[in-house]
Each structure stands twice: as C-alpha cells, then as structure tokens.
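Okay, so here's the structure we're looking at.
The values are calculated or read from the model by the stated rules, or taken from the named source; none is laboratory data. Computed from a predicted model, the values in this text were never measured in an experiment. When we count neighbours, we look across all protein chains shown, and the Cβ atoms used for this are built from the backbone with ideal geometry, even at glycine.
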Amino acid sequence: MAKKDLHDERLEKGLAALASAGIATRIAMDAPRAENIAQLKNAIGRSAETDIAAIFLLGKIAARESLDLIREIEKNATDKDVKKEIKRALFKLAQKGVAIADETAVERKPAALFERTLEIEAYMSAVDGGGGRLIWIAKAQPNHGLQVIQAMLHDREGLLRFGGMHMKRKELRGMADEIKQQHGVSMIAIPWEFADQMVYEAYEKAKARGQSGLENFHDIRSLIGTGKPKAFTHPIYVKLGTGDLRDGPWREQSRRLLDEPELRYWVLIDDWVKGFLAQIEDARTSRLVLNPVQKEERLAAIVRDAVKTLCSGDSGKAFKQRMEDTALYFYETGRVEQAKLSLAVAQQVGAGDPGPLDISFLTGLMQKSFAFFMSQQKAQKEEAESSLIIRP
C-alpha cells in the first residue's frame with residue numbers, strides 16, 4: 001500500500017475514533033471553529049490516529065490558538081504520519097493568513113507562495129479566454145531543487161502540452177512573477193492530488209482524440225504516481241462548502257464576473273457556437289416585417305437556446321469544471337463574492353439546464369462570443385472583397 005493511502009487510512013480511522021468518543025460529532029467537519037480547539041486539545045495523546053485527525057481539523061481553523069496547539073504537538077511528535085499532517089496543517093493555516101513563526105529568527109515570517117516545505121506542491125493559473133489553464137506540480141529533491149511537471153489543459157481538447165524539468169525554487173518563483181507581470185494572472189496553490197487528477201483526465205481526453213506528443217506522459221508522471229489517481233473532490237467545495245449557492249439575485253449579479261480582468265477576454269469558440277450564427281443573420285435580415293421589439297425577442301430566443309446547449313452534455317460538463325476552477329481562483333485571490341457567484345453558475349450548469357430564467361453571466365458571455373465570430377466573418381468578407389478589386 002502506498003504511503004499516501006496508509007496516511008489517509010489512519011486519518012479516517014482517527015476521525016472515526018473522535019466521532020465514537022463524541023468529540024467529532026460536536027465539531028462541523030467541513031468548517032470547525034475556534035471554540036472547537038479546546039475539544040481537540042483534549043483528544044491529543046490518545047493515539048497517533050486521533051492526533052492525525054485532530055491536527056487535520058486544527059488546520060481548518062484560521063486562529064492563532066490553532067497554530068499554537070499544532071506547534072505544541074510538533075515538539076513531541078515522533079510518528080511520521082503525525083509529522084506529515086502537521087506540515088499539511090501549517091500549510092493550510094499559512095494559506096488562510098495565519099503567520100507561521102519558526103524558532104530561528106532568520107525564518108520568522110509568514111510562509112509565502114513557492115516557499116513551502118511540502119514534499120509535493122501544485123499550482124494552477126486562471127482559466128484563459130479559450131478555456132485553457134496552466135498546471136505545475138513540483139516535487140522537492142533533497143538538496144537538488146525541484147522536479148517540476150508542467151501541463152497545459154484545455155476544456156475541450158484535454159492535455160495540450162506536457163513536460164518535466166529540473167529547476168531551483170527561485171526559478172519557479174521567477175516564472176510565476178513573469179506570468180503575473182505579462183498576463184496579470186497569478187498561480188494559486190492547489191492540492192497536488194487534485195492537480196494530478198486534472199492532468200490525468202486531460203491526458204485521457206487528449207489520447208482519445210489522437211493527440212500526439214504525449215508518448216512520455218507516464219514516464220514523467222511516475223515522479224508523483226503510477227496508475228489512475230483516486231477521485232479527489234474539487235477544492236472549492238472544501239473552501240465554500242457543498243451547500244447550494246443558488247439563492248437570492250445571483251442570476252442578475254453573475255454578470256459582474258465579466259468585468260473581472262481574468263474573464264474580460266473569455267469567448268466560447270466551440271464549433272457548435274458557429275451553428276447559431278446563421279440563425280442570428282437570418283433574424284437580422286429576415287424579409288418578414290418585424291418591428292424592433294419582435295426582432296430583439298427573436299435574437300434573445302436564439303441566445304437562450306445557445307445557453308441551453310452550453311449547459312448540456314459534454315459542453316456542460318466541461319463548462320462546469322471551468323466555473324469551479326474559476327471559483328477556486330477567485331477564492332484564493334481574495335475575491336470571495338466572485339467565487340460564490342462562479343460556483344452558483346457551476347451548480348446551475350451542472351444541473352444540465354440554465355432553468356426558466358436568464359443567467360446574466362451566461363447570456364452576456366454568449367452575446368460576446370457571437371459578436372466575436374460575426375466580427376471575424378465581417379473582416380474575412382471585407383478582405384475577400386478587397387482582393388477582387390482590380391487596381392490600375
């Protein structure tokens with residue numbers, strides 16, 4: 001059994017033990033709070049498994065008291081899995097903004113991105129206008145820097161590029177800075193198991209459509225694992241919970257997402273979108289006598305039909321993932337309300353239908369996409385006409 005599997009098995013055993021003792025039942029597993037710290041402190045020392053479980057829950061509580069208790073446990077920790085869970089918990093607290101103060105004066109500062117002590121780390125960019133996102137998975141090599149896997153994933157095409165290289169942590173940080181300066185996009189930290197699952201699923205999609213250049217995929221990926229990875233819950237449901245966010249005026253407010261810098265250039269370039277262009281052109285040039293209101297209603301109906309297509313079948317599955325990834329990106333870059341709106345859209349798309357009312361974000365995105373294709377068609381037509389002009 002792999003070390004990761006054994007660790008997770010011990011964690012589950014510890015959580016079960018806490019539940020049997022009546023401790024975990026009084027704690028919200030997904031969102032324990034500061035008032036639960038005393039209960040967890042009383043559970044420390046019963047067994048290595050309960051220590052692992054308690055540390056796991058402490059890592060979810062963004063409070064100084066939680067950090068202090070983890071540090072106290074760390075002083076006497078000898079079990080490898082307990083130490084491993086301590087590192088994970090400290091990593092989570094650092095992400096939540098709780099400063100990690102080390103014993104030496106040299107390192108008395110909050111942990112920063114790309115300065116982790118985890119054995120394996122992973123990072124993800126925002127989703128770009130066409131549906132692509134960059135994934136990095138880095139494994140530390142003792143005294144030899146990092147082995148880094150780089151992957152470019154696409155909603156529709158799957159894995160577009162994949163490769164591995166050795167680099168120093170400073171070089172990885174420099175690459176992230178360059179992406180931020182040139183494109184205004186940050187690389188956010190994500191669980192490496194989730195990153196591995198995303199990359200593997202993208203590989204299978206690319207392989208199914210005959211993508212070349214991925215022959216060394218398994219050799220490179222063997223750095224972190226072999227075989228198909230276990231299913232991993234999307235991290236946004238850990239951050240925001242699994243509750244339904246489709247409450248209140250989210251449909252109208254969702255259009256705000258189009259104003260976010262990372263989404264300003266989003267357009268849907270799937271082939272099925274082009275199929276609606278003829279309908280739009282027909283509605284605009286119809287010989288039927290339509291007043292402006294009727295024409296507007298006809299165009300709106302075409303947009304609604306296109307949104308329904310976006311939410312259905314494979315398109316719906318891919319776009320749901322895109323919105324979940326975007327929600328996670330917004331959450332990790334401090335935009336919680338935008339994250340909630342993105343996840344609400346993802347939840348509705350996941351239902352397979354936009355519902356009876358318009359979702360302003362999807363309507364606006366579809367309108368932008370139609371405008372993009374129509375401007376392309378116009379430019380191509382003008383270019384073709386100009387090429388036929390006989391010049392003296």
_Residues of the range 47-66 that turn out to be within 19 Å of residue 97 (Cβ to Cβ), assigned to a helix (DSSP H, G or I) and of a type outside the set (A, V, I, L, M, F, W, C), as a count_ = 3
*Conditions: (1) in contact with a helix residue (DSSP H, G or I) (Cβ under 9 Å, 6 or more places away or on another chain); (2) surrounded by fewer than 11 Cβ atoms within 10 Å (Cβ to Cβ); (3) polar (S, T, N, Q). Residue 181 meets all but one. Number of the miss?*
(1)
*List the number of the failed condition for residue 309; all other conditions in (1) among the hydroxyl-bearing types (Ser, Thr, Tyr); (2) free of Cβ contacts under 8 Å to residues at least 60 places away in the same chain; (3) not assigned by TED's automatic domain parsing to the domain that holds residue 344 hold.*
(3)
*asked:* I'd like the full set of residues that are in contact with a helix residue (DSSP H, G or I) (Cβ under 7 Å, 6 or more places away or on another chain) and at pLDDT 85 or above, limited to the range 32-44.
replied: 37, 39, 40, 41, 43, 44
*Taking interchain pairs and intrachain pairs at least six residues apart, which have beta carbon atoms under 9 angstrom, with the first residue in the range 58-76 and outside the structural domain of residue 48 (by TED's automatic domain parsing) and the second not in a helix (DSSP H, G or I)?*
none
*Would you pick out the residues in the range 226-245 that are within 18 Å of residue 199 (Cα to Cα) and within 13 Å of the chain's Cα centre (by Cα)?*
232, 233, 234, 235, 236
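Here's the yes/no breakdown for (1) over 26 Å from residue 348 (Cα atoms); (2) of a type in the set (Val, Ile, Thr):
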site	(1), (2)
150	yes, no
185	yes, yes
190	no, yes
228	yes, no
231	no, no
238	no, yes
*Quickly run through the range 310-322 and pick out the residues that are part of a helix (DSSP H, G or I) and surrounded by fewer than 18 Cβ atoms within 10 Å (Cβ to Cβ).*
313, 314, 317
*Kindly indicate which of 281, 262 is within 16 Å of residue 373 (Cα to Cα) and either assigned by TED's automatic domain parsing to the domain that holds residue 322 or at pLDDT 90 or above (or both).*
281
_Residue among 245, 257 that alone is closer than 18 Å to residue 328 by Cα, aliphatic (A, V, I, L, M) and part of a helix (DSSP H, G or I)_ = 257
